[in-house]
Amino acid sequence: MKKQLFTKTAVLLLLLTLALSGCGKKADTPSSGNADNSGTTNGTENSGKSDPGQDVGTSDDAEDEDASPEDENSAESEYTPEEMDLIKYNYYVDLNNDIVEILDSIGYYFWVVEDAEEFALIPDSGYTYGYQIYGVNSDIIDDCLQLADMEPDYGELDSLVKEIAEPLRILMDTFLEINGSYDYADNQYQKAKEYHAAIYGVIDTFLPLGEQYMDSISALVDSRTGEEEAKMKAEGRLIIYNASRAISIGGQILDVIYDQDVTDENITDLDLTEINNLYQELVTVVGEFDAATADTEQLVKESLSNSTPFDGLYDSLIQALEWMIKQVESGQPLDLSGSGAPLGSIGHFSETLDKCIDRYNSVFVE
């Protein structure tokens, strides 16, 4: 079933918080000369990104059909190589996280609709058409396509952006329409049939490309996150360091699980040896994060005013991991008959980790 293909890989990535020297607000909004405290995001708004469609690779006159490559290159050259790298990196990781959203929508779609070329609702599925399907704006695709032809060269990722663009755009636009459709059942489900034809026509192309893209960007993120965390620690930015490190450990835990080919369906097969070690490390890191946020001088140093910026989310992450470990140790399979990820599941741990990533964005970047 297509809805099961990405249950092991569809998790959000932690983006870096690159504090590029001299970069400041320029890498965020090119027209502004104001300074900013950080240069990247974890994948949402204000993500250290300019609008490449407006400022990075085009001439001032968007309607000038005679604009030469030299004109475009001169606009691009307004940025340092580090700033261009930052812009491109953030867009590509944002695209990854949008792919994750689309994979979620695919999964939920096939809870309700038969996995077949001809549209048909699953009898007595218990869910309504469009359940848990949310819209994703496809504008980012054009931005990433433009960046794919710019320096720095991201190799395979640049090629994958170009390959995945059209099937991803169709899925984004179609799910966005489904999300806002209230007449899908009219005329014997005519609109629903059109949506299904669009989805089914590209899904077999999209899925393997999505897997390749996520694998490639994940390797890049892992490398850069490690470098940035070392820099954070060396500079004494202990709050953001421990916040990032806790999320990295969460990602390592998921890697260990998936390397064992374990999902919620066979969770009792999980070997906990490495996970128990990572659990202890996570507890230590969260304790150091709590100590750092309780230090007023440290809060001032990192320009934070709230001593509880995560509102206990990291404690929830530890608890979700403890429930999962207990579930494995119980030897009992999970009850997966209901909607949503049950307590003790890999899915619940992953969802809690995603919440930590979202909060990281809002605390340290937005």
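Suppose the chain between Asp271 and Thr308 were pulled fully straight at 0.36 nm per residue; how much longer would it get relative to their current alpha carbon spacing?
Between Asp271 and Thr308, full extension yields 9.9 nm more.
Return the distance in nm (one decimal) between the two label points of a simple spin-label model at Asp315 and Glu82, each offset 7 Å from Cα along Cα→Cβ.
Output for this residue pair reads 3.9 nm.
If we sort 270-280, 317-327 on the protection proxy, mean other Cβ atoms within 10 Å, highest first, what's the order?
317-327, 270-280
Under the rule a/c < 1.5 gives rounded, and otherwise a/b versus b/c splits prolate from oblate, where does region 215-366 land using the Cα gyration tensor?
Taking the square roots of the gyration eigenvalues as a ≥ b ≥ c, region 215-366 is prolate.
Report relative contact order for region 182-285 in percent, whole number only (criteria: Cα-Cα under 8 Å, sequence separation at least 6).
The value is 17 percent.
Using the beta-carbon distance between Lys193 and Asn137 and R0 = 30 Å, what value does 1/(1 + (r/R0)^6) give for FRET efficiency, to the nearest 0.05?
E between Lys193 and Asn137, to the nearest 0.05, is 0.75.
Name the residues whose placed amide hydrogens come within less than 5 Å of the amide hydrogen of Val113, ignoring near sequence neighbours (fewer than 5 apart) on the same chain.
When sequence neighbours closer than 5 places are left aside, the close amide H contacts are Ile122.
Region 204-276: D in µm²/s via Stokes-Einstein (Kirkwood Rh, Cα pairs, 37 °C, 0.692 mPa s)?
Stokes-Einstein gives a translational diffusion coefficient of 228 µm²/s.
Which whole-angstrom value gives the distance between the alpha carbon centres of region 194-212 and region 286-327?
Comparing the Cα centres of region 194-212 and region 286-327, I get a distance of 39 Å.
Can you work out the Karplus-derived ³J(HN,Hα) for every residue in region 312-323? Use 6.51 cos²θ - 1.76 cosθ + 1.60 with θ = phi - 60°, whole Hz, and x for glycine or proline.
x, 5, 5, 5, 5, 5, 4, 4, 4, 5, 4, 4
Viscosity 1.002 mPa s, temperature 20 °C: Stokes-Einstein D of region 97-253 from its Kirkwood Cα radius, in µm² per second?
Approximately 120 µm²/s, per Stokes-Einstein.
Could you sort the peptides 101-114, 239-252 by per-residue average Cβ neighbour count (10 Å cutoff), highest mean leading?
239-252, 101-114
May I ask you to derive the relative contact order of region 246-366, considering only C-alpha pairs under 8 Å and at least 6 residues apart, and to give it as an integer percent?
The value is 31 percent.
Put Glu281, Glu302 in order of accessible area, largest first, 1.4 Å probe: what do you get?
Glu281, Glu302
Work out, step by step, the length gained on full extension between Glu322 and Glu281: first 0.36 nm times the residue separation, then minus their alpha carbon distance; give nm to one decimal.
Extra length available between Glu322 and Glu281 comes to 13.4 nm.
Highest first, please rank the peptides 87-98, 115-126 by the mean number of other Cβ atoms sitting within 10 Å of their residues.
My ranking of the peptides, most packed first, is 87-98, 115-126.
Work out the length of the dipole vector of region 183-277 about its Cα centre, built from +1 on the beta-carbon of each Lys and Arg and -1 on the beta-carbon of each Asp and Glu, and round it to the nearest 20 debye.
That gives region 183-277 a dipole magnitude of about 560 debye.
Lys162 accessible area, nearest 10 Å², 1.4 Å probe?
100
The values are calculated or read from the model by the stated rules, or taken from the named source; none is laboratory data. Note that the structure is a prediction, hence the values are computed from the model and not measured. Because the Cβ atoms are built from the backbone with ideal geometry, glycine has one as well, and the counts that use them run over all protein chains shown. Side chains are part of the model used for accessible areas, which takes the heavy atoms of the whole protein and leaves out ligands, DNA and RNA. Shrake-Rupley method; radii C 1.70, N 1.55, O 1.52, S 1.80 Å.
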